[in-house]
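Here is the structure we will look at.
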Amino acid sequence: MISQRFSRYFPAAGRVPVQCDSYVSLQPPIFRPMRLLLIEDHRDIAANIAEFFEATGDTVEHVLDGERGLQLALNQPYDAIVLDLMLPGMDGLSLCRQLRQAGHTRVPVLMLTAKDTLQDKIEGFEAGADDYLVKPFSLAELDVRLKALLRRANVPPAQRLLTVGDLTFDLDTLEAERGGERIKLNPTTRRLLIVLLQNSHRVVTRQELEKELWGDQPPQGDFLRAHMHALRTAIDKNFTTKLLHTVHGTGYRLSAEPPRP
C-alpha cells in the first residue's frame, strides 16, 4: 500500500534513527488534533513519527515517494507536511518547490534530512520549506517545531505583515519593501530580518541570531557581521533614516528611533 495511516504496524526493533525522549508526555496537546502528511521513504522512521503523533490524537497519512506525496499535497487538506529530503522518484526539494509554485503557500512544510550544512539549509528554505530538522532528531523537538509552525500559519493576515517604520515584510510572499521600494534579500538576510522584525521591541543578541542561522554549531569566525552588513546595506543604504542599529557588546535592534546611549 502506497498511502496509509499508521497504527503501530512496524516492530520496535531497529527504530534507532529517531530518539523518543523519556520525558515526553503523550497527553493530548492543547492544539486541536492535526492532520499531517508524512512523506518519508524510511519505514522505521515513519512508523516512529506516526505512532508518536497518533498517540496524541493526530492523524498521519504516510507515503513513501515524492510523486505520490505531491499529488496528495496538491489535492488534500493538511495542517502540515513533514517531508524527507532524499526520496525516490521526486526529491523533497523538487516537491516543495512545485507545491509552492502551484500556489500552496500557507501549509507549513518541515523538511527532514541527514544533511547539515548551511548550503543544504539554504536550498531547503529557498525551495519553500518553513523549517528544517536534521536526522537523528527528537520526536519532542519535531512536535514543538510543528506546533510553532501551526501557530505562525494561523496568525490573522493583518498580523502576517511585519512593520518597523516604513519597512514592511510580508510573511506570505516573503517580500520586503521600504517606502514602496522593493528590497532584495538573500535567504540568510531574509531570516535575519524576520527575527529582528518579530522582536523589534527589544535588542536581539548576537547569540540569538547565530543560533537562528547555524543552530548550536556556529562557524568559526565572525560570519554574522558580514551577514548583518549585507542586511544593513539592503534596508538602510538608500534611505536617510536608519533602521538597523548596532548595540555594541550585545546585538542588534530594528527601530525607527536610534537606541538610547
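The values are calculated or read from the model by the stated rules, or taken from the named source; none is laboratory data. For clarity, every value in this text was computed on a predicted model and none was experimentally measured. No Cβ is skipped: glycine too gets one built from the backbone with ideal geometry, and neighbour counts run over all protein chains shown.
Of Q217, Q159, all but one fail to be under 24 Å from A256 (Cα atoms) and modelled with pLDDT under 90; the exception is Q159. Considering the stretch 99-203, the qualifying helices (runs of 4 or more DSSP H), each wholly inside and each with 1 or more residues that are surrounded by fewer than 17 Cβ atoms within 10 Å (Cβ to Cβ) and among the acidic types (D, E), run over 118-127, 139-153. Just so you know, in the stretch 212-254 the residues that are more than 18 Å from Q119 (Cα to Cα) and small (G, A, S) include one that is surrounded by the most Cβ atoms within 10 Å (Cβ to Cβ), and it is G251. Cβ-Cβ distances below 8 Å connect no pair with a first residue in the stretch 183-201 that is in the same structural domain as F125 (by TED's automatic domain parsing), a second residue that is surrounded by 19 or more Cβ atoms within 10 Å (Cβ to Cβ), and a separation of six or more residues or different chains. Return yes or no: is I45 in contact with a strand residue (DSSP E or B) (Cβ under 9 Å, 6 or more places away or on another chain), outside any loop (DSSP other than H, G, I, E, B) and in contact (Cβ under 8 Å) with a residue 60 or more places away in the chain? Yes, satisfied. Checked against the criteria, T59 does not count as in contact (Cβ under 8 Å) with a residue 40 or more places away in the chain and under 21 Å from L171 (Cα atoms).
For the residues M90, M111, the requirement of being over 22 Å from T59 (Cα atoms), at pLDDT 90 or above and in the same structural domain as H42 (by TED's automatic domain parsing) singles out M90.
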